[in-house]
2 protein chains.
Amino acid sequence: MLENISSTKVAGGWHKQYTHPATSTHCTMRFAVFLPPGASETNKVPVLYWLSGLTCTDENFMQKAGAFKKAAELGIAIVAPDTSPRGDNVPNDDNYDFGQGAGFYLNATQAPFNTHFNMYDYVVDELPELIEQHFPVTSTKAISGHSMGGHGALMVALKNPKAYVSASAFSPIVNPINCPWGIKAFTGYLGNDKSLWAQYDTCELMKLAKQDDYLPMLATQGGADGFLEEQLKPQNLVAVAHEKAYPLTLEMQEGYDHSYFFISSFIDQHLLFHSQFLTA
Amino acid sequence: MLENISSTKVAGGWHKQYTHPATSTHCTMRFAVFLPPGASETNKVPVLYWLSGLTCTDENFMQKAGAFKKAAELGIAIVAPDTSPRGDNVPNDDNYDFGQGAGFYLNATQAPFNTHFNMYDYVVDELPELIEQHFPVTSTKAISGHSMGGHGALMVALKNPKAYVSASAFSPIVNPINCPWGIKAFTGYLGNDKSLWAQYDTCELMKLAKQDDYLPMLATQGGADGFLEEQLKPQNLVAVAHEKAYPLTLEMQEGYDHSYFFISSFIDQHLLFHSQFLTA
């Protein structure tokens, strides 16, 4: 069922890519996994799930983030899914911010997207089950991501607070119901009933969080990010966290943009943050 | 004359790309530079030149090698030129291993390549002159590269031993006159007179090196590199180095392939190697 399509030694561990037929998205999905040195059936390691941003595949983070040395040192596996269902039979859109490469980590309700665009179920249930079945990992999980994937990571963690020990994000879209990227995607995938939208909005979900379900959350945002004001709006989440005394840290990094150069500059800090909880 | 086309903060320093009209290659050339934090006219830093392999541009190393944190810590600038002249007026070839993206860091003598394909002059003279004129760097230089660029780095250092303090390479083509990639390129760029070929062959150049001109040299080679036996042949260079007591270290790394995953696994060691001499 899992087909291994690449296997490359890196930082003493292994980067591997797989494809498999996915039941949640009804298409062939590809993902990548980094296994740190020494991971084995008798030495299982915890997993950080990484959700990428618009236009990305499983490859962007793995090739550009420079995460492997620190993950190897800390003994953490990393799993990176694709950002949407793919294929000739999967509906698409000419723009970069909707359709293939832009799944927004939700379950679509609107035709023609509702058959395949179930990335929420894929990321929350199907993929971890597969990973825990086939790789030398424990069920201890953290989650992180970038931009659309930062939205995905924080939203998924808030909806499943017992499933993850910690959550973090780079440049997350924290309030998709109030920004152009989110409004376009949620309208297309979920229709016009905005009550459905709130269940995938990090700000709205944090408002409903119970104190017993709080989990440590870190967000890092570049001060020179061209999407900051119109699309990302981290201050909206900081306001909710303040109101709720939610353990969110927002680190603003002056001069940094929205690119993988930014992510590579701070990925070690995120790995160290998660490591406290993953290996506790 | 220099046109800045991107400027991105990374690891506390800056990644910048420029284009300029080049006199050696008679076309517009692009290069990238990483400036470590604190580099300024009153705090000039030494430079590591990086020469990339077949099909690459200035971007592959900068996006995938994960070199910036260590270079920032060590206070080393990195300059990455393109791998050939480019443009609609520049001759090309349908194959990946000849023409644009495959300049082999030599001066071509054969039409139609001899007008533009003068990457040797570009890398040895024109680019360092430009860099030292426009950026906060000293004239202290080291050189490194990968595959075709590993050939370039070792060959350029052997021909200009006073210009560089050290040289290194990942998976270098050390003996191009005796491998398919080299024979094809040297025939196309230099013609059939093999006496011309030797002046760009690392093994042949090391045979002629005078002891006063020896410089520290490090090569790292993946043991699972699919090009090892037919194209790279590092043992040919080790034999010459042994014969001449040349200070070359070849590190074989079992299980690693020819990719940037391999380079990213060992780039810190190369930066530390060069740092000993660059900041001495």
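Which order do you get for B:Lys207, A:Lys210, A:Lys64 if you rank them by accessible area with a 1.4 Å probe, largest at the top?
A:Lys210, B:Lys207, A:Lys64
Using the alpha-carbon centroid of each, what span in Å lies between the range B:87-103 and the range A:226-280?
Here the two parts' Cα centres lie 43 Å apart.
Would you please state which residues of the range B:53-81 a label at B:His134 would reach in this model, taking the label point 7 Å out along Cα→Cβ and a backbone N cut-off of under 14 Å?
Under 14 Å, as judged by backbone N against the label point of B:His134, lie B:79-81 of the range B:53-81.
In nm to one decimal, list the spacings between the A:Glu59 label point and its equivalents in the other copies, with label points set 7 Å along Cα to Cβ, shortest first.
Those separations, rounded to one decimal, come out as 1.2 nm.
Please work out the Cα center distance from the range B:23-51 to the range A:1-72, rounded to the nearest Å.
Distance between centres, Cα-based: 34 Å.
Just grab the label-to-label distance for B:His26 and A:Glu229, each label 7 Å out from Cα along the Cβ direction, in nm (one decimal).
4.9 nm
Output, in nm with one decimal and in ascending order, the distances from the B:Asp125 label point to the matching label points of the other copies (7 Å from Cα along Cα-to-Cβ).
Label point to label point, same position, other copies: 6.9 nm.
So how far apart, in nm, are the two label points at B:Thr55 and B:Asn43 if each is 7 Å from Cα heading toward Cβ?
The modelled label-to-label distance comes out at 4.0 nm.
Leaving out ligands and nucleic acids, and using a 1.4 Å probe, what accessible area per residue does the protein assembly as shown come to in Å²?
Spelled out: the 1.4 Å probe surface of the protein assembly as shown, per residue, equals 37 Å².
What total accessible surface area, summed over both chains, is buried at the interface between chains B and A, computed with a 1.4 Å probe and given in Å² to the nearest 100?
That pair of chains buries around 1800 Å² in total.
Net charge within 12 Å of B:Glu3 by Cβ-Cβ distance, Lys/Arg positive one each and Asp/Glu negative one each, not counting B:Glu3 itself?
Once positives and negatives cancel, what remains is +2.
Quick one: net charge of B:Gln253's neighbours, Cβ under 14 Å, K/R +1, D/E -1?
The answer is -4.
With all protein chains present, calculate the accessible area of A:Met29 using a 1.4 Å probe and round the result to the nearest 10 Å².
0 Å²
Taking the full set of protein chains and a 1.4 angstrom probe, give the accessible area of B:Arg30 in square angstrom, rounded to the nearest 10.
Estimated to the nearest 10 Å², B:Arg30 gives 70 Å².
Just the number, please: percent antiparallel of the DSSP beta bridges in the protein assembly as shown, rounded to the nearest 5.
If we restrict to bridges inside the protein assembly as shown, about 50 percent are antiparallel.
Not counting ligands, DNA or RNA, and with a 1.4 Å probe, what is A:Tyr200's accessible surface area in Å² rounded to the nearest 10?
That residue has around 10 Å² of solvent-accessible surface.
Name the residue from B:Ala153, B:His242, B:Ile76 whose Cα lies farthest towards the positive end of the charge dipole of the range B:3-278, charges +1 on Cβ of Lys and Arg and -1 on Cβ of Asp and Glu.
B:Ile76
With charges only on Cβ, +1 for K and R and -1 for D and E, what is the dipole size of the range A:3-278 about its Cα centre, in debye, rounded to 20?
Result for the range A:3-278 is approximately 480 debye, rounded to the nearest 20.
For B:His242, go 7 angstrom from Cα along the Cα-to-Cβ vector, then report the distances to that same point in the other copies in nm, smallest first.
7.0
Pick out which of B:Thr55, B:Thr109, B:Thr42 has the largest mean-square fluctuation in a Gaussian network model of chain B, springs linking Cα atoms closer than 10 Å.
Highest fluctuation among the options: B:Thr42.
What percent do you get for the relative contact order of the range B:140-189 when only Cα pairs under 8 Å and 6+ apart count?
Value for the range B:140-189: 37 percent.
If you keep only loop residues by DSSP, which GluC sites (Glu not before Pro) in the range A:1-103 have at most 10 other Cβ atoms within 10 Å of their Cβ?
When the GluC sites (Glu not before Pro) of the range A:1-103 are filtered for loop state and at most 10 Cβ neighbours within 10 Å, A:Glu41 remain.
For the range B:3-278, give me the percentage of DSSP beta bridges that are antiparallel, rounded to the nearest 5 percent.
If we restrict to bridges inside the range B:3-278, about 50 percent are antiparallel.
If you take the charge dipole of chain A about its Cα centre, with +1 on Lys and Arg Cβ and -1 on Asp and Glu Cβ, which of A:Pro36, A:Val90, A:Tyr122 is farthest toward its positive end?
Positive-end residue among those listed: A:Pro36.
With an 8 Å cut-off on Cα pairs and a minimum separation of 6 or more residues, tell me the relative contact order of the range A:3-278 in percent.
Across the range A:3-278, relative contact order equals 17 percent.
Would you mind checking the pairs A:Lys9/A:Lys64; A:Lys64/A:Lys159; A:Lys69/B:Lys64; A:Lys69/B:Lys69 and listing those with alpha carbons more than 18 angstrom apart?
Going by Cα-Cα distance, A:Lys64/A:Lys159 fall outside the 18 Å limit.
Just to be sure I understand: with springs between alpha-carbon atoms less than 10 Å apart, which residue in A:Leu232, A:Leu250, A:Leu196 has the highest mean-square fluctuation in the Gaussian network model of chain A?
A:Leu196
Can you return the lysines within cross-link range of B:Lys233? Criterion is Cα-Cα under 17 Å, with same-chain partners fewer than 8 residues away left out.
In chain and number order, the partners are B:Lys184, B:Lys207.
Of B:Lys16/B:Lys162; A:Lys44/A:Lys162; A:Lys141/A:Lys210, which pairs sit farther than 25 Å apart, going by alpha carbon to alpha carbon?
Result: B:Lys16/B:Lys162 exceed 25 Å.
Give, rounded to the nearest 20 debye, the magnitude of the charge dipole that the range A:74-125 has about its Cα centre when Lys and Arg contribute +1 at Cβ and Asp and Glu contribute -1 at Cβ.
Here the range A:74-125 has a charge dipole of around 120 debye.
Check the axis relating chain B to chain A and name the residue of B whose C-beta is nearest, distance in whole Å.
Nearest Cβ to that rotation axis, in whole Å: B:Gly66, 2.
So how much slack lies between B:Thr115 and B:Thr19, counting 0.36 nm per residue of separation and subtracting their Cα-Cα distance, in nm?
Value of the extension gain: 32.6 nm.
Kindly state, to the nearest 0.05, the FRET efficiency for B:Ala245 paired with A:Asn95, given R0 = 60 Å and r defined as their beta-carbon distance.
0.45
Give me the base-10 log of I(q)/I(0) for the range B:3-278 at each q in 0.10 Å⁻¹, Debye formula, one uniform scatterer per Cα, rounded to two decimals.
Each listed q corresponds, in turn, to -0.46.
Give me the net charge of B:Gly12's neighbourhood, meaning all other residues with Cβ under 10 Å from the Cβ of B:Gly12; Lys, Arg count +1, Asp, Glu -1.
Cβ neighbours under 10 Å give a net charge of +1.
Which of these, A:His26, A:His242, A:His258, has the largest mean-square fluctuation under a Gaussian network model of chain A (Cα springs below 10 Å)?
Maximum fluctuation in the GNM of chain A, among the listed residues, is at A:His242.
For B:Gln276, put the label point 7 Å out on the Cα→Cβ axis and report which residues of the range B:164-186 keep their amide N under 18 Å from it.
B:164-170
Restricting attention to the alpha-carbon atoms of the protein assembly as shown, what are Rg (one decimal) and Dmax (integer), both in Å?
25.3, 79
Rounded if a/c is under 1.5, else prolate if a/b beats b/c, else oblate: with a ≥ b ≥ c from the C-alpha gyration tensor eigenvalues square-rooted, which is the range B:1-113?
Prolate.
Filter the DSSP H helices in chain A by two things, a Kyte-Doolittle mean of at least 1.6 and an axial alpha-carbon span of 27 angstrom or more, and list the hits by number.
TM-like helix candidates: nothing returned.
For the pair B:Ile183/A:Met252, report the inter-label distance in nm, with labels modelled 7 Å from Cα in the Cβ direction.
Distance between the two pseudo-spin positions: 6.3 nm.
Rounded if a/c is under 1.5, else prolate if a/b beats b/c, else oblate: with a ≥ b ≥ c from the C-alpha gyration tensor eigenvalues square-rooted, which is the range B:160-280?
The shape class here is oblate.
When only Cα pairs under 8 Å and 6 or more residues apart are kept, what is the percent relative contact order across the range A:22-122?
34 percent
The values are calculated or read from the model by the stated rules, or taken from the named source; none is laboratory data. This one's a predicted model, so the numbers in the text were calculated from it and none came from an experiment. Please note: Cβ atoms are built from the backbone with ideal geometry, for glycine as well, and neighbour counts cover all protein chains shown. In case anyone asks, the SASA skips ligands and DNA or RNA and just uses the protein heavy atoms, side chains included. Shrake-Rupley method; radii C 1.70, N 1.55, O 1.52, S 1.80 Å.
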